[in-house]
Each structure stands twice: as structure tokens, then as C-alpha cells.
Ligand SMILES: [Zn+2]
């Protein structure tokens with residue numbers, strides 16, 4: 001099961017999910033403000049308290065900030081590959097997710113809110 005998330009905290013991976021697409025990036029990574037390369041923040045040098053990439057430029061958090069655009073292409077590719085879609089919690093209210101799934105009318109998305117763990121358990125038994 002692939003998880004596509006807007007969460008940037010890495011908790012899906014820490015919880016053991018193996019295939020996670022962090023659509024809005026990860027706070028555990030930095031992105032170069034000059035060349036746009038992305039780096040794991042583990043063990044990188046810093047200058048004035050700001051991490052430096054291996055390209056020797058400052059890194060910003062590798063996350064989507066408010067007002068930045070997340071292209072539809074990547075999300076559309078993921079939805080095209082999907083055999084099923086389950087919206088968990090707040091994802092059901094993300095207009096980019098909703099619109100991408102709307103472009104796959106053959107998918108009948110499911111929605112889980114509240115006790116998501118129990119909902120997933122029920123779905124796995126269908
Ligand atoms: Zn760079």
C-alpha cells in the first residue's frame with residue numbers, strides 16, 4: 001500500500017509504512033536555495049546555524065510552504081497508478097487530492113475519518 005501524504009513530519013515512515021510519498025516534502029530534508037537539490041539533513045555542516053548542502057549553499061526546509069505550488073502532474077501520476085483510493089482524515093478536504101481523484105471517474109474513493117485504524121482494519125477485511 002502506497003501512502004500519499006501532505007504531512008511533512010516523517011511519522012508515516014516512523015510508524016513502519018514502507019511506501020510513502022511525501023507530497024509536501026519532509027522536515028528531515030533540506031533543499032538548496034541555489035540549485036534546488038534535496039539532501040537528508042543528517043550530518044551536514046552548518047554555517048551561522050543554517051545547514052549547508054554538499055554543493056556548499058544554504059538549505060531551506062524541503063517542504064512546501066503556504067502559497068507554493070504543488071504541480072498536478074506528480075499527483076495525477078500517482079492517481080493514475082492507483083487501484084483504489086482511501087482518503088484519511090483531513091486529506092478528504094485537500095482540493096488538490098479531491099480534484100486529482102475526480103479525474104479518475106473509475107475510482108470510487110473511500111473516506112475514513114475518526115477512528116482511522118478501525119476503518120482500515122474493516123477495509124482490509126472486505
Ligand atoms: Zn546547491
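Within the span defined as the range 33-42, every residue fails to be under 14 Å from the mean Cα position of the chain (by Cα), loosely packed, with under 12 Cβ neighbours inside 10 Å and at pLDDT 90 or above. The set of residues in the range 30-66 being closer than 19 Å to residue 10 by Cβ and assigned to a strand (DSSP E or B) consists of 30, 31, 38, 39, 40, 51, 59, 60, 61, 62, 63. Quick check, is residue 74 more than 13 Å from the ligand (Cβ to nearest atom) and in a helix (DSSP H, G or I)? Answer is yes for this residue. Would you call residue 46 surrounded by 11 or more Cβ atoms within 10 Å (Cβ to Cβ), free of Cβ contacts under 8 Å to residues at least 12 places away in the same chain and within 16 Å of the ligand (Cβ to nearest atom)? Judged against the criteria, residue 46 is a match. Against the numbered list (1) on the phi < 0 side of the Ramachandran plot; (2) without any contact (Cβ under 8 Å) to a residue 40 or more places away in the chain; (3) surrounded by fewer than 16 Cβ atoms within 10 Å (Cβ to Cβ), residue 85 comes up short only at (3). Do the conditions hold for residue 59, that is, is it near the ligand (Cβ under 9 Å from one of its atoms) and closer than 30 Å to residue 95 by Cα? So residue 59 fits the description; yes.
The values are calculated or read from the model by the stated rules, or taken from the named source; none is laboratory data. No experiment lies behind these values; they were computed from the predicted model shown. Positions of Cβ are backbone-derived with ideal geometry, glycine not excepted, and every protein chain shown enters the neighbour counts.
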